[in-house]
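Below is one structure; the comments refer to it alone.
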Amino acid sequence: YILSRLNSTIKKVTGLFDAYRIDETIPLIEGLFLDLSRVYVQAVRDKMSSGSDSERDAVLATLYNVLFDSIKMFNVISPFVCEKMYVDFREAFGLEHESVNLTDWPSCDESRIDVKLEKNLENASYIIQAILGAREKAQLGVRWPVCCVDVVSESEEIGNSVDALRDMIKSQTNVKDIQCYSVHPDVKQHVKLDFEAVKASFGDLTAKIIAKFPSVAQDKMVSSLNKEGKFVWKIDDAVVELTKAHVLFSRELPPGFVDASFRNGYIVLDKARTKALDAEGYAREIMRRVQDARKKGGLEKSDRILLYLQVDHALKEMLEIWKEKIQLKVGASKMRIDSEESLKKHEFVSEEKVKDKKFFVHFDKE
């Protein structure tokens, strides 16, 4: 994906420079850089932290090539910053040229461009941001798994993108299941007029539009606006074309759900909690706290530890099924979970609290 984005950006930016439309290149290069840092890096975190040597090498080579070519392109716009970045590259990798201005302009490899894949990732990114927004609304951090999210859109393209990238969306949003609907069976959508927007567009017709608006079937108008981006209807001899800019949407959700909009649709997130979901949430939080404790203790990633978690009885029961995964994630050769206070004096002890649960992290370097 990111190599496709790189080559399609090089192609577009080169064409714009050739046509002297320099100002239009800025958002394209910025968009590539943001996708590298937000989409690509987010997607390959596990490969970087626990992947094989070949996987890590592939990730680093990809980061190097995309960032290096981005610097070459953006150097025309921001020469001093890009020159400083290039000098850092040169010192780190022993590059031949003294300045980025002495390097060749990046060339486009069209065989690398996959337009469909790029569009799927673009749609997936909108959906991911909507899910994360709904999580914020529900006050559920991303470490706490959610049982189900429904993606609602009348766009066939959105459904195809979810089908192609369902696992990635689930992974990045910590959702167990994702379903797609063109119309959600349990959600009622309503629209009302934005009077100022209607008046600005239709002037003297505004009063008639307001008077006749209640007679229009809501489901028909909602469907047309979502699917085609407009609703056309005749008032006297005039043809009125309402767009999403002329209306305000609202949704009526079942209890226990939250929603968030994205381009061409919206998502519905189930807030319901189960013991299994909460157990995973606590396990993920504990993994992070132990990792933070390792850093504070000055340990390297390769260092192994002997870990003891002092928790209450309820949390001990919840974590038993996660013991092996916690141990693997935090680099513990041995691990014990218990509710009794440790009698041994450990090299590192940290008191932690997650939600309503207080616990202690004890470990020694092996």
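Quick notes
- Simple Cβ-charge dipole of the chain, Lys/Arg +1 and Asp/Glu -1, about Cα centre, in debye nearest 20: 1120 debye
- Accessible surface, 1.4 Å probe, highest first, among residues GLU340, GLU324, GLU83: GLU324, GLU340, GLU83
- Taken per residue, the accessible surface of the chain reaches 57 Å², heavy atoms only and a 1.4 Å probe.
- The range 295-356, relative contact order in percent, only Cα pairs under 8 angstrom and at least six apart counted: 42 percent
- Sorting HIS190, HIS313 by solvent-accessible area of protein heavy atoms yields HIS313, HIS190, largest first, with a 1.4 Å probe.
- Once the Cα atoms are used to define both axes, helix 53-74 deviates from the longest principal axis of the chain by about 50 degrees.
- Annotation: lysines with alpha-carbon distance below 25 angstrom to LYS275 (same-chain offsets under eight excluded): LYS137, LYS170, LYS176, LYS316, LYS323, LYS325, LYS329, LYS353, LYS355, LYS357, LYS358.
- Think of the chain as a dipole: +1 on every Lys or Arg Cβ, -1 on every Asp or Glu Cβ, centred on the Cα centre; then among SER78, THR25, GLY159, GLY159 lies furthest on the positive end.
- Converting phi to 3J(HN,Hα) with the Karplus coefficients 6.51, -1.76 and 1.60 and the offset θ = phi - 60°, the range 127-141 yields 5, 4, 5, 5, 5, 5, x, 5, 4, 4, 4, 8, 6, 10, x Hz in sequence order, with x at every glycine or proline.
- Each residue of the range 156-169 was assigned a 3J(HN,Hα) from its phi angle through the Karplus expression (A = 6.51, B = -1.76, C = 1.60, θ = phi - 60°), giving 5, 4, 5, x, 5, 5, 5, 4, 6, 10, 4, 5, 5, 4 Hz with x at Gly and Pro.
- Those lysines that a straight Cα-Cα span of less than 17 Å connects to LYS192, excepting residues fewer than 8 apart in one chain: LYS208, LYS212, LYS220, LYS230, LYS244
- Hits among lysines - C-alpha to C-alpha of LYS72 under 23 Å, sequence gap 8 or more where chains match: LYS11, LYS12, LYS84
- Accessible surface of TRP233 - all protein chains present, 1.4 Å probe, nearest 10 Å²: 30 Å²
- Built amide H within the under 5 Å cut-off of CYS148, gap 5+: LYS176, ASP177, ASP270
- Within the accessible surface of the range 223-366, defined with a 1.4 Å probe on protein heavy atoms only, the carbon and sulfur portion equals 49 percent.
- Ordering 208-216, 325-333 by mean Cβ neighbour count within 10 Å, with the highest value first, yields 325-333, 208-216.
The values are calculated or read from the model by the stated rules, or taken from the named source; none is laboratory data. All of these numbers come straight from a predicted model, not from anything done at the bench. Virtual Cβ from ideal backbone geometry, glycine too; neighbours counted across all protein chains shown. For accessibility, only protein heavy atoms count, side chains too; no ligands or nucleic acids. Shrake-Rupley method; radii C 1.70, N 1.55, O 1.52, S 1.80 Å.
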